[in-house]
1. Which condition does SER58 not pass, out of (1) buried (at least 17 other Cβ atoms within 10 Å of the Cβ); (2) over 15 Å from VAL79 (Cα atoms); (3) among the polar types (S, T, N, Q), if it passes all the others?
2. Within the range 54-83, track down each residue that is under 20 Å from GLY13 (Cβ atoms) and either touching a His at 6+ places or on another chain (Cβ under 9 Å) or outside any helix (DSSP H, G or I) (or both).
3. Conditions: (1) at pLDDT 95 or above; (2) at negative phi. GLY13 meets all but one. Number of the miss?
4. Just checking, how many residues over the range 61-79 are more than 22 Å from LYS20 (Cβ to Cβ) and of a type outside the set (A, V, I, L, M, F, W, C)?
Amino acid sequence: MDFITESLSDIPGFVIFPSKANYILFDCGETGKMGKDVVAYAETKGIILRPESKKFGSDGWFRVTIGSKEENRMFVNIVREFLT
């Protein structure tokens with residue numbers, strides 16, 4: 001969790017919610033992107049994310065289940081590639 005949080009914390013407008021579970025919740029609405037688009041893009045790269053419904057006026061919600069070191073690195077690279 002720390003690796004993912006630290007690796008993505010510098011993306012402007014990208015909100016990472018603290019977690020005590022086996023997943024992390026994100027909101028990318030302030031980046032101008034939609035959560036469902038992040039999910040669809042990640043799927044083309046072999047990573048499965050979970051979309052979340054619109055909340056609090058934002059369509060940018062999605063979550064990822066913590067995986068292996070390799071899977072977590074892939075996830076970080078894909079999110080950075082899509083959002084930056």
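The values are calculated or read from the model by the stated rules, or taken from the named source; none is laboratory data. All figures in this text were calculated on a predicted structure; none of them were measured in a lab. Cβ atoms come from the backbone with ideal geometry, glycine included; neighbour counts cover every protein chain shown.
1. Among (1) buried (at least 17 other Cβ atoms within 10 Å of the Cβ); (2) over 15 Å from VAL79 (Cα atoms); (3) among the polar types (S, T, N, Q), the lone unmet condition for SER58 is (1).
2. LYS54, LYS55, PHE56, GLY57, SER58, ASP59, GLY60, TRP61, PHE62, ARG63, VAL64
3. (2)
4. If we filter the range 61-79 for residues that are more than 22 Å from LYS20 (Cβ to Cβ), which is where we start, we get 70, 73-74, 77-78.
Pick out the ones that are also of a type outside the set (A, V, I, L, M, F, W, C) and you get 70, 73, 77.
Number satisfying all stated conditions: 3.
Residue by residue, here is whether (1) of a type in the set (Val, Ile, Thr); (2) assigned to a helix (DSSP H, G or I) holds:
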| site | (1), (2) |
| --- | --- |
| ILE4 | yes, yes |
| SER7 | no, yes |
| PRO12 | no, no |
| ILE24 | yes, no |
| VAL38 | yes, yes |
| GLU43 | no, yes |
